[in-house]
1. Looking only at the stretch 68-101, which residues are aliphatic (A, V, I, L, M) and under 14 Å from Pro44 (Cα atoms)?
2. Quick one: Arg35 ticks every box in (1) without any contact (Cβ under 8 Å) to a residue 12 or more places away in the chain; (2) among the charged types (D, E, K, R); (3) touching a His at 6+ places or on another chain (Cβ under 7 Å) except a single one, so which number is it?
3. Just wondering, is there one or more residues in the stretch 7-30 that are over 18 Å from Val110 (Cβ atoms) and free of Cβ contacts under 8 Å to residues at least 12 places away in the same chain?
4. With the checklist (1) polar (S, T, N, Q); (2) in contact (Cβ under 8 Å) with a residue 60 or more places away in the chain; (3) farther than 20 Å from Asp104 by Cα in hand, flag the one item Ser59 doesn't pass.
5. Kindly provide the set of residues from the stretch 64-118 that are in contact (Cβ under 8 Å) with a residue 60 or more places away in the chain, touching a helix residue (DSSP H, G or I) at 6+ places or on another chain (Cβ under 9 Å) and charged (D, E, K, R), ordered by number.
6. For the stretch 49-118, list the strands (runs of 3 or more DSSP E) that sit wholly inside it and hold at least 1 residues that are in contact with a strand residue (DSSP E or B) (Cβ under 7 Å, 6 or more places away or on another chain) and exposed (fewer than 11 other Cβ atoms within 10 Å of the Cβ); which are they?
7. Exactly one of these conditions fails for Leu57: (1) touching a His at 6+ places or on another chain (Cβ under 8 Å); (2) more than 17 Å from Gly115 (Cα to Cα); (3) at pLDDT below 95. Give me its number.
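The values are calculated or read from the model by the stated rules, or taken from the named source; none is laboratory data. Since the model is a prediction, treat every value here as computed from it, not as a measurement. Virtual Cβ from ideal backbone geometry, glycine too; neighbours counted across all protein chains shown.
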Amino acid sequence: MHYEGGCHCGRIAFAFESGEPISGALSCNCSICRRRGSLLWFGPRDAFELKSDPAELESYRFNTGHIDHHHCRVCGVAPFSEAQDPRTGVPTVAVNLRCVPALDLDALAVTHYDGAGR
């Protein structure tokens, strides 16, 4: 399934593919996800395409520094993060589904993840 999204001001645009229609999201309570209110979908980085100039992004790392939390330089919206899956080493993307307008967020099954306790 093909999805497109972006930040509030439109400088960051992206597209990604999922094998099936997205029906669920992960809500993490770690210090950054809780503050951002992210609803996340995880997938392989090679299924994700940044359609904007990467120079429009700012990145933030904290704690162990292994996740690049990206946000728009202009509006501050955080549409996605990138890291390597710690189990497999495969490059992974975490898309903030709140930045994908075609999705009905109320229809998603939300799984809560205790990122604060890790």
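1. Scanning the stretch 68-101 gives Ala83, Val90, Val93, Ala94, Val95.
2. Result: Arg35 passes all but (3).
3. Within the stretch 7-30 (the criterion being over 18 Å from Val110 (Cβ atoms) and free of Cβ contacts under 8 Å to residues at least 12 places away in the same chain), the answer is yes, since at least one residue qualifies.
4. Evaluating Ser59 over (1) polar (S, T, N, Q); (2) in contact (Cβ under 8 Å) with a residue 60 or more places away in the chain; (3) farther than 20 Å from Asp104 by Cα leaves (2) as the failure.
5. Arg73, Arg98
6. 109-113
7. So Leu57 meets the others, but not (3).
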